[in-house]
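Take a look at the structure set out below.
The values are calculated or read from the model by the stated rules, or taken from the named source; none is laboratory data. Keep in mind that this is a model prediction, so the values were computed, not measured. Cβ: placed from backbone, ideal geometry, glycine included. Neighbour counts: every protein chain shown.
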Amino acid sequence: MIDQDEITRRLQDWIDQMEKSGKHAELDKINRYVSEFMHALNAIPRPDFNGFSSEQMHQMINRPLEAGGPVQLRQLTEEQMERIPVMRQALHLMNALAENEMKLTTQGYMPPKIVAELYELGSHSWSTDWYKQKNEPKTEEVQVLRAVLKECGLIKTRVGKMSLTAKGKQLLADHNELLRTMMLFLFMDYNTGWLDSCEDDEVGNLGRLYSLWLLHHYGENWRGTVFYADEYRKAFPMLNVGYAYEYRIFNRLFRFVGLCEINEGDEFKGRNWGREARKTEVLDLMFAFEEPKSTN
């Protein structure tokens, strides 16, 4: 990566060459040169980004899923939608609310019956499977689903009852737009650390689409989640990357959506249990990827 001193030196060399050739380095010409130089610099494939350029990484971070970006959300059929755990959950809850408002418990939680139904439709985790009685405070996946639908403006709670908003009713008729709304929130604004005690808010939240590409690219077979943490650390060395990244990205985001599975079955116990992941077919069903250029 070229630092500020190198940029300054190249600019000065260009000015010197202009003056030697009898041309005056006017301000607009200098600005044009700097702009073209920076554009070319930002388009260079970087090995610490697995071959993506700084420009592509910037787009994945700040303008996720936009046209022309390295990661795109596909248009899906209704049959394909049914294969996505988080969509099964969202549609089940929203369809129920479209029929009737839902009376919450005195503590403000969804009734255990609907919590159990939502959990069965989603991606299971050992931490919640352990509880026979499914209720909202003990079912992280349902807590996250409720937060996502609320923050996306699709559901509301008033006087002890949950109901759909006008936006929720509108998107219930357009499942692709509903999916896009949820994915934009999950990959840009959602705080994956809201249920843990790690103080670093950026770990796992910065560059989530890049983490998704890593899983797409490397996730055909089981790999330790520490492998992905190491690749992520190369791109974001300023962050204190550790287990918080692994859990937030794989357990709290990717598995929640249905994009990965984690080795938590009985057959995996005894060796790196719960610390390996691989992608599901849902990942490449939902997303289209542009492969980065080689850095060789």
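Select from region 61-81 the residues that are modelled with pLDDT under 95 and part of a loop (DSSP other than H, G, I, E, B) and write down the one among them that is surrounded by the most Cβ atoms within 10 Å (Cβ to Cβ). Per the criteria, the residue is Pro64. Answer with yes or no whether Ala90 is outside any loop (DSSP other than H, G, I, E, B), of a type in the set (Gly, Ala, Ser) and farther than 19 Å from His175 by Cα. No; evaluated as a whole, the condition is false for this residue. Condition test on Leu209, is it within 16 Å of His92 (Cα to Cα), in contact (Cβ under 8 Å) with a residue 24 or more places away in the chain and either touching a Phe, Trp or Tyr at 6+ places or on another chain (Cβ under 8 Å) or not assigned by TED's automatic domain parsing to the domain that holds Ala244 (or both)? For Leu209, the condition - within 16 Å of His92 (Cα to Cα), in contact (Cβ under 8 Å) with a residue 24 or more places away in the chain and either touching a Phe, Trp or Tyr at 6+ places or on another chain (Cβ under 8 Å) or not assigned by TED's automatic domain parsing to the domain that holds Ala244 (or both) - is not met. A single member of Glu199, Glu177 is without any contact (Cβ under 8 Å) to a residue 40 or more places away in the chain and either in a loop (DSSP other than H, G, I, E, B) or within 22 Å of Phe236 (Cα to Cα) (or both), and it is Glu199. Here is the figure for region 215-249: residues that are in a loop (DSSP other than H, G, I, E, B) and more than 17 Å from Lys279 (Cα to Cα) total 7. Filtering region 166-184 to residues that are buried (at least 16 other Cβ atoms within 10 Å of the Cβ) and more than 14 Å from Ala90 (Cα to Cα) leaves only Leu184.
For region 254-296, a residue qualifies if it is modelled with pLDDT of 85 or more, out of contact with any strand residue (DSSP E or B) (no Cβ under 6 Å at 6 or more places or on another chain) and among the small types (Gly, Ala, Ser), and exactly one does: Gly258. Here is the figure for region 255-296: residues that are part of a helix (DSSP H, G or I) and in contact (Cβ under 8 Å) with a residue 12 or more places away in the chain total 9. With the condition kept exactly as written, say whether any residue in region 231-249 is buried (at least 20 other Cβ atoms within 10 Å of the Cβ), closer than 19 Å to Val282 by Cα and touching a residue at least 60 places away in the same chain (Cβ under 8 Å). There is no residue in region 231-249 that is buried (at least 20 other Cβ atoms within 10 Å of the Cβ), closer than 19 Å to Val282 by Cα and touching a residue at least 60 places away in the same chain (Cβ under 8 Å). Quick one: is Tyr218 hydroxyl-bearing (Ser, Thr, Tyr) and surrounded by fewer than 15 Cβ atoms within 10 Å (Cβ to Cβ)? So Tyr218 does not fit the description; no.
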